[in-house]
Amino acid sequence: MCSGFNIPNDARMVGAVVTPTIPQSHEQQAYATILKALADVKQSRVNLAALITRSREQFDTINGQLRYFEDSCICGRNNTVAFNSFLSKNAANFGIQQPIYFDNITLNLGNGYDTRHGVFRAPRNGTYAFSTSVTTPASNQIAVEIVKNGEQLVQLRTLNDYMWSMATNVVNVYLTKGDDVWVRHSAIGDANALSVDDGLYTSFSGFLIHT
């Protein structure tokens, strides 16, 4: 029997092929152990990368849902949006499509109305109601319109009469957060003048109906 070979005891058949088992050296065993550990580490990195990707996708989904509920849910916090604004002094000689700045604010819940530009900017998605009233002195006439992002929603016009004249219009409109609504002069040929006198006769107001 050759040294270093283990022949099974039951291999008694003549001509039987016997595969010898060669013992591994300590170096070979250590090398095999290292290779297996490296393979395990590589697989762990793959699994971890896949887990991070899934976690990031779940985070993005949850974050998007939270943002949606912040914009749409009116439960648990004050989401009232409403404003009243008035013209504080007489004004005249408006150019075509010139905005009318209602500079006297008596209410601005939600801080949607900006007196610097006379524009209401929607703080959240929803259906809003807007109204405007304009008053002209005797022998004057004016046409104005409420616009959303520069597109006309409604128009109104006072009478050219021997006494004061007033016109009012109201519109309901769906706004996306960031949409702008304002009032502007819409005609150039009228004797355009707005009067406030001693009362709040010329105004622009709005409020959020439903999100």
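For the reader, a short list of remarks on this structure follows.
- Verdict on Gly178 being under 25 Å from Val81 (Cα atoms), touching a residue at least 24 places away in the same chain (Cβ under 8 Å) and part of a strand (DSSP E or B): no
- When restricted to residues that are more than 38 Å from the chain's Cα centre (by Cα) and either at pLDDT 95 or above or not aliphatic (A, V, I, L, M) (or both), the stretch 169-211 contains 7.
- Hey, Pro99 open to solvent by 10 Å² or more (accessible area, probe 1.4 Å) and farther than 21 Å from Leu200 by Cβ or not: no
- For the stretch 125-168, filtered to residues that are surrounded by 14 or more Cβ atoms within 10 Å (Cβ to Cβ) and farther than 21 Å from Gly95 by Cα, the residue that is nearest to the chain's Cα centre (by Cα) is Asn125.
The values are calculated or read from the model by the stated rules, or taken from the named source; none is laboratory data. This is a predicted model, so every value here is computed, not measured. Ideal geometry is used to build each Cβ from the backbone, glycine not excepted, and the neighbour counts take in all protein chains shown. Just the protein is used for accessible areas: all its heavy atoms, side chains included, with ligands, DNA and RNA removed. Shrake-Rupley method; radii C 1.70, N 1.55, O 1.52, S 1.80 Å.
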